[in-house]
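Report on the structure given below.
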Amino acid sequence: MNGNGTVEPDEFAKAIEKIGILIPTKQDLDALFSIYDVDGSGTLDYNEFSSALYGRPMTASSSTGKSANRSPEELAEVLR
C-alpha cells in the first residue's frame, strides 16, 4: 500500500477491514499479524501476504510450518 514491497501491520489492518474483518484491539491485530509474519520480520513479504489472503502455499524456504490457510471465520474464532 505504501509502495515499499511489504505489508506493515497498519496496512494489514486496513486490508483486513476492507474485506469485512474488524480487529477490536492492537493486541488482537498483533496476534493475527504474527500468524502470517512467519519469518518474524515485522512485515509481510509477497509470499506471506499471498498466503494470508489467498491461501496459497508459501515456498519451502520461507515456511516455518505455521498454518496460514485460515478462513475469515477461523480467524474470527482465533480472536474470540
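The values are calculated or read from the model by the stated rules, or taken from the named source; none is laboratory data. Fair warning: this is a prediction, and the values are worked out from it, not measured in the lab. No Cβ is skipped: glycine too gets one built from the backbone with ideal geometry, and neighbour counts run over all protein chains shown.
Observations
- Answer residue from region 1-43, given it is of a type in the set (S, T, N, Q) and in a loop (DSSP other than H, G, I, E, B) and is nearest to the chain's Cα centre (by Cα) among those: 43
- Subset of region 2-28 [of a type in the set (A, V, I, L, M, F, W, C) and either touching a residue at least 40 places away in the same chain (Cβ under 8 Å) or within 16 Å of residue 48 (Cα to Cα) (or both)]: 7, 12, 13, 15, 16, 19, 21, 23
- Checking residue 6 against (1) modelled with pLDDT under 65; (2) surrounded by 11 or more Cβ atoms within 10 Å (Cβ to Cβ); (3) not hydrophobic (A, V, I, L, M, F, W, C), the condition it does not meet: (1)
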